[in-house]
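Working notes, structure below.
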Amino acid sequence: MIPPVARLMLRSLLAGPVTRRDLLPPDPAQATELALALAHTVRRRLGRSLAIRAVDAGSCNGCELEIHAATGPVYDLERFGLHFVASPRHADVLLVTGPVTTNMAEALRRTYEAMPAPKWVVALGDCGRDGGCFAGSYAVLGGVSAVLPVDLTIPGCPPEPQAILGGLLALLK
Amino acid sequence: MIPSASLLDFLARGEWVAEAAPWPRVVLDRPGWQALLKRLEAPGWELISEWAEAAAVHVALRDAADGAVAIASLPCPDGYFPSLAAVRPGALRLERAIRDLWGLEPEGLDDPRPWLDHGRWGCRAPLAPTPQPPLPDPLPYPFLPAEGEGLHQIPVGPVHAGVIEPGHFRFHAQGEAVVRLEARLGYTHKGIAALATGQSLTAAARLAGRISGDATVAYALAFARAAEAACGEVVPPRAHSLRALFAELERLAGHLLDIGGIANDAAFAILLAQTMILRERILETNLDLFGHRLLMDRVVPGGVSEDLPPEATARLRDLLDGLGPALARIRYLYENTPSLSDRTQGTGILSPALAHRFGAGGVIGRASGRSHDARQSPGYPPYERLDLTVPMLLKGDVDARVMVRFAEAAESLRLIGRILLELPSGPVRAALPARAGEGFALVESFRGEVALWLRLDESGRIAGFHAHDPSWFQWPLLEATIEGNIVADFPLCNKSFNCSYSGHDQ
């Protein structure tokens with residue numbers, strides 16, 4: 001009997017890749033001068049490889065779903081040299097989702113402090129930008145910039161995987 | 001002896017609130033609440049949720065015998081109410097949250113620790129009419145002890161290794177075996193109830209859809225149904241069908257990610273890749289047809305935001321035609337990979353007795369002998385005419401939770417096909433009048449039963465808001481489930497539960 005996993009792999013081989021090749025170029029509105037200046041530094045110091053540590057600072061988990069999609073087989077973020085790491089000690093980029101809640105602020109700060117320099121902070125989603133619809137609550141400090149210096153913002157609620165990829169690739173262009 | 005009176009008979013002694021819809025809300029006096037406590041010592045009436053307002057505490061209950069739903073309220077002007085936690089353990093954390101948020105003290109609650117309040121809000125009891133000043137130093141948070149030779153603690157979180165939500169897990173382990181696990185949550189508390197208060201229906205619906213992003217359709221639907229009940233407005237039949245279409249697409253996408261995630265945590269990554277490909281097909285179809293991959297803000301009070309575009313039926317049929325056989329292949333692969341079965345079978349067993357005791361719903365309840373599904377009981381349109389089948393297993397292990405998800409995903413595919421076949425014509429949205437009222441809604445998300453209660457003032461704005469995530473009754477069971485398993489199986493057990501942090505913390 002052919003093992004089912006072999007059958008599935010054969011089928012996938014014959015069907016061809018599912019990875020999208022029609023990725024949009026980075027949005028010029030997003031690739032601000034800051035991002036371009038940043039990209040130059042990142043490229044010079046890290047080449048084409050970027051290690052990302054993701055922290056949810058209080059999101060609704062919508063942004064996490066889209067990060068997962070960006071790492072999945074269809075968007076396949078690793079083909080561009082981007083990869084998620086488990087420890088902040090291994091990370092170049094801190095990717096933060098959600099409004100920063102008062103209860104997560106210290107953990108977020110400590111994660112940032114645990115990263116070696118040079119390091120960059122990317123705020124993901126409308127909540128990460130300015131707190132989104134949760135701004136003004138007694139339990140929310142605001143966007144990521146309320147706690148950490150933010151280098152790049154990728155807006156959206158949640159941002160689509162294309163936008164996440166485009167934003168992160170802007171760092172490497 | 002089990003008393004025979006039904007929930008509604010029992011509540012007949014109280015004062016019925018005229019504007020509560022669609023189920024009664026009854027104000028009890030203190031002896032009445034004590035009698036309710038006494039009656040809850042016997043099984044039969046299930047806890048749906050417990051929450052508070054400025055000077056009153058509310059508990060939503062279901063009579064398992066006849067499915068009747070009702071809310072009992074106790075005014076507590078002196079700030080105290082008798083605790084339900086001794087007779088309904090699921091209420092324990094809810095009452096700790098009531099103390100944190102509203103400053104009402106549950107009498108007889110034997111856990112003095114705060115739950116959502118980590119001492120960092122800048123005030124205590126933020127939802128009370130007069131919030132109190134914060135304590136000078138955040139209180140220490142002692143975890144429940146475990147004692148014995150060779151025991152050690154493993155602290156995990158709130159920042160975890162993967163791309164997941166924040167929460168703290170404290171393990172007491174002896175060698176590889178977990179002796180006790182205790183979770184500490186509240187890291188993603190955003191104060192949603194306070195933010196919603198005073199908002200228009202439109203603005204509050206947007207917030208409700210962001211309580212737990214992976215169940216955005218279910219929350220938006222629960223909010224819309226509660227608002228419609230409060231306004232006494234009837235939604236057009238086509239809107240009911242489109243809402244169910246969105247809800248089933250969400251359920252299918254959620255179950256696919258869970259099935260793949262569980263396999264991935266058992267080191268079988270190819271299955272995650274396969275389910276991600278299928279999930280992506282659904283999300284891309286959502287984006288093309290409805291304008292949002294996760295269908296956020298598509299269910300609105302009064303109906304749905306927009307009707308189907310003309311090409312929708314054909315696109316969705318194509319999607320179903322592809323997904324059906326692909327899902328069957330993935331299920332065959334799951335069931336015929338011994339290395340995977342070895343990890344999932346017999347791991348993380350939740351006994352039916354515990355599932356019933358906590359009233360756990362969703363996949364977790366249905367894999368452990370509790371077949372409750374809000375689409376069936378109390379039920380809501382259009383499911384009564386779709387011949388819904390609800391799967392149930394008794395084993396209660398990780399494998400059972402995967403198999404229930406496979407069965408529900410297949411059922412969602414069938415339901416979507418049926419909804420498309422029988423789609424009524426007509427408008428998709430009704431205008432809601434601005435009026436005062438109270439509404440309550442129960443909706444089945446892919447994770448379990450979402451409950452949402454709200455009160456509207458004369459101008460139609462939110463005057464009271466409470467949303468209950470199924471995770472409240474699932475998180476404590478994860479702790480019971482992992483006991484005696486090895487630490488390395490925790491990610492697997494945790495993923496097989498897939499509780500929401502944001503939905504719980506709000």
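The label point for residue B:199 and the one for residue B:154, both projected 7 Å from the Cα toward the Cβ, are 3.9 nm apart. Within the straight-line cut-off of under 14 Å between alpha carbons, the aspartates and glutamates reachable from residue A:119 are A:92, A:151, sequence neighbours fewer than 8 places apart in one chain being disregarded.
Could you compute the FRET efficiency for residue A:117 and residue A:86, with r as their C-beta to C-beta distance and R0 at 25 Å, rounded to 0.05? Could the numbers behind the result be given before it?
Numbers: r = 20 Å, r/R0 = 0.79.
So the FRET efficiency works out to roughly 0.80.
Across peptide B:32-40, the average count of Cβ atoms from other chains found within 10 Å of a residue's Cβ is 0.
Within the stretch B:9-51, list the residues whose amide N lies under 11 Å from a label point set 7 Å along Cα→Cβ of residue B:65. B:9-10, B:44-45, by backbone N distance to the label point. The alpha-carbon atoms of the stretch B:381-433 define a convex hull whose volume equals 124 cubic angstrom per residue. Dipole magnitude for the stretch B:14-96: computed about the Cα centre from +1 point charges on Lys and Arg Cβ and -1 point charges on Asp and Glu Cβ, it is near 240 debye.
Starting from the exponent 0.38 and prefactor 2.2 Å, build the expected Rg for chain B from its residue count and divide its actual Cα Rg by it. Intermediate results must be reported in sequence, preceding the final value.
Numbers: Rg = 22.4 Å, N = 506, 2.2 N^0.38 = 23.4 Å.
Ratio of Cα Rg to 2.2 N^0.38 Å: 0.96.
Overall dimensions of the stretch B:1-64, expressed as equivalent-ellipsoid semi-axes from the Cα gyration tensor (√(5λ), whole Å, largest first), are 19, 13, 12. For chain B, a crude dipole built from +1 on the beta carbon of Lys and Arg and -1 on the beta carbon of Asp and Glu, taken about the Cα centre, is about 500 debye to the nearest 20.
Can you say what percent of the DSSP beta bridges in the protein assembly as shown, counting only those with both residues inside, are antiparallel? Round to 5.
On the way: 51 of 75 bridges.
The antiparallel proportion sits near 70 percent.
Could you compute the FRET efficiency for residue B:387 and residue B:34, with r as their C-beta to C-beta distance and R0 at 60 Å, rounded to 0.05? Present the calculation step by step, with values, prior to reporting the outcome.
On the way: r = 44 Å, r/R0 = 0.73.
Approximately 0.85, to the nearest 0.05.
Per the Debye formula on identical point scatterers at the alpha carbon atoms of the stretch A:97-152, with no solvent, log10 I(q)/I(0) at q = 0.16, 0.25, 0.31 Å⁻¹ is -0.42, -0.94, -1.26.
Per q in 0.16, 0.19, 0.29, 0.30 1/Å, what log10 I(q)/I(0) does a Debye calculation on the alpha-carbon atoms of the stretch A:65-127 return? The calculated log intensity ratios at q = 0.16, 0.19, 0.29, 0.30 Å⁻¹ are -0.61, -0.84, -1.28, -1.30. Between residue A:106 and residue A:23, the C-beta separation translates, for a Förster distance of 45 Å, into a calculated FRET efficiency of about 0.75. Please work out, to two decimal places, the log10 of the ratio I(q)/I(0) at q = 0.18, 0.21 Å⁻¹ from a Debye calculation in which every Cα of the stretch B:207-280 carries one identical scatterer. Taken in order of the listed q values, log10 I(q)/I(0) reads -0.76, -0.90. Pairwise Cα distances in the stretch B:103-237 exceed 24 Å in 53 percent of cases.
For chain B, what is the calculated [θ] at 222 nm in deg cm²/dmol (nearest 500), taking -39500 (n - 2.57) for each run of four or more DSSP H residues and dividing by its residue count? Counting only the DSSP helices, I get -12000 deg cm²/dmol.
To the nearest whole percent, what portion of all C-alpha pairs in the stretch B:319-425 is separated by more than 16 angstrom?
On the way: 3614 of 5671 pairs.
More than 16 Å apart: 64 percent of the Cα pairs in the stretch B:319-425.
Looking at chain B, the DSSP beta bridges with both ends there are about 85 percent antiparallel. For the peptide A:65-74, the mean number of other protein chain Cβ atoms found within 10 angstrom of a residue's Cβ is 6. What does DSSP give for the stretch B:17-145 in terms of the percent of beta bridges that are antiparallel, rounded to the nearest 5? That works out to approximately 75 percent antiparallel. Altogether, the Stokes-Einstein calculation at 10 °C and 1.306 mPa s, with the Kirkwood radius of the stretch B:173-215 over Cα pairs as Rh, returns a diffusion coefficient of 119 µm²/s. If you wrap the tightest convex hull around every Cα atom of chain A and split its volume per residue, you get 133 Å³. In terms of its C-alpha gyration tensor, the protein assembly as shown comes out rounded, because the ratio a/c of the largest to the smallest axis stays below 1.5. If one computes the Cα centroid of the stretch B:348-366 and of the stretch B:403-445, what distance in Å separates the two points? With the stretch B:348-366 and the stretch B:403-445 each reduced to a Cα centre, they are spaced 25 Å. Computed over the stretch B:145-186, the convex hull of the alpha-carbon atoms projects to a mean area of 3.2 nm².
Sorted largest first, the principal axis extents computed over the alpha-carbon atoms of the stretch B:221-331 equal 51, 30, 20 Å.
Calculate the mean, over all residues of peptide B:270-280, of how many other protein chain Cβ atoms lie within 10 angstrom of the residue's Cβ. Intermediate results must be reported in sequence, preceding the final value.
On the way: counts 5, 2, 3, 7, 5, 1, 8, 7, 0, 5, 8.
That works out to 5 on average.
Coordinate-derived values only; no laboratory data. Computed from a predicted model, the values in this text were never measured in an experiment. Counting neighbours? That spans all protein chains shown, and the Cβs are built from the backbone with ideal geometry, glycine included.
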